[in-house]
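Read-outs: derived from the displayed coordinates by stated rules, not from any lab. Bear in mind the structure is a predicted one, so any value in this text is a computation, not a measurement. Ideal geometry is used to build each Cβ from the backbone, glycine not excepted, and the neighbour counts take in all protein chains shown.
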Amino acid sequence: MNAEPDLARIAATVGDPRRIQMLALLMEGRALTAKELALGAGVEPATATAHLKRLLEDGLLESASQGRHKYFRFASEHVAQMVESLMRVAPRRKAAAAPAREDEPIRAARYCYDHLAGSLGTGLFALMLRKGWLQGLAGDAKQLELTPKGEKALTLLGLDLQSARDRRRQFACRCLDWSERQDHLGGALGAALAEHFKASRWIDRQKHSRVVRVTPLGSEGFTRLGLPPG
């Protein structure tokens, strides 16, 4: 007999300001050390260790040792989706500085864990739907599949679609963007596209940040696809 999910436990875990800040830092998509997470969350290393232990125990993080360092990352894509969902419903912070502008880099283009978000991500997803490259799955509006037209177009673009399908995760899905309030493309296909654009030098990722910059080469490439970057 399956036990019900312990929602109160997980709510208490992510409800701690320091732990949720650590999870937000991992939305960069990189594995981080305990020291990096401690600095980012503004706590001492010993305190960070206790927080990380709780996150590991509750299955939100996984760790791997390499040399003298231990690296932490999300235990699954579902954890990233949870953090992104919280970002969508969370109230905006009050600050003495001027309010966020629509053209802020974080809104223009960023990573949502390992796939593209912001106006670049939502624009690319809308383009793929408009071109008929993607379609919804019957019975599940969130899940998507490539059409034959999409298979051909992305293969010509240089994507290894079989490799994306072989990943142990959902292939393609809608992911609601917290800043644009529209969907962008998630799943293995979304990650494969982001990796391809980065390898092709269409985009550059700012160090220690989720922010993405479209390069001159990328500007030309996205224009050819039918998506002039903003």
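Quick notes on this one:
- Antiparallel %, DSSP beta bridges [both residues in the chain], to 5: 100
- P(r) for the stretch 105-225, from all Cα pairs and a bin width of 5 Å, is 2, 12, 22, 27, 22, 12, 3, 1, 0 %, short bins first.
- A cut-off under 15 angstrom between Cβ atoms defines the neighbours of Ser209, and their net charge, with Lys, Arg +1 and Asp, Glu -1, is +3.
- Compactness index (Cα Rg / 2.2 N^0.38 Å), the stretch 1-122: 1.15
- Binned Cα-Cα distance frequencies in the chain - 5 Å width, integer %: 1, 6, 13, 17, 18, 16, 13, 9, 5, 2, 0, 0
- If you take all other residues with their beta carbon under 14 Å from the beta carbon of Ala126, and give Lys and Arg +1 and Asp and Glu -1, the sum is +1.
- Normalised contact order of the chain, rounded percent, pairs of Cα under 8 Å and 6 or more residues apart: 17
- Partners for Lys70 among aspartates and glutamates (Cα-Cα distance below 13 Å; same-chain residues under 8 apart left out): Glu36, Glu62
- Evaluated at q = 0.16, 0.29 Å⁻¹, a Debye calculation over the C-alpha positions of the stretch 33-74 (equal weights, vacuum) places log10 I(q)/I(0) at -0.36, -1.08.
- Projected area averaged over orientations for the stretch 1-63, convex hull of C-alpha atoms, nm²: 4.6
- Cross-link table Lys35/Lys198; Lys131/Lys152; Lys35/Lys207, entries beyond 21 Å C-alpha to C-alpha: Lys35/Lys198
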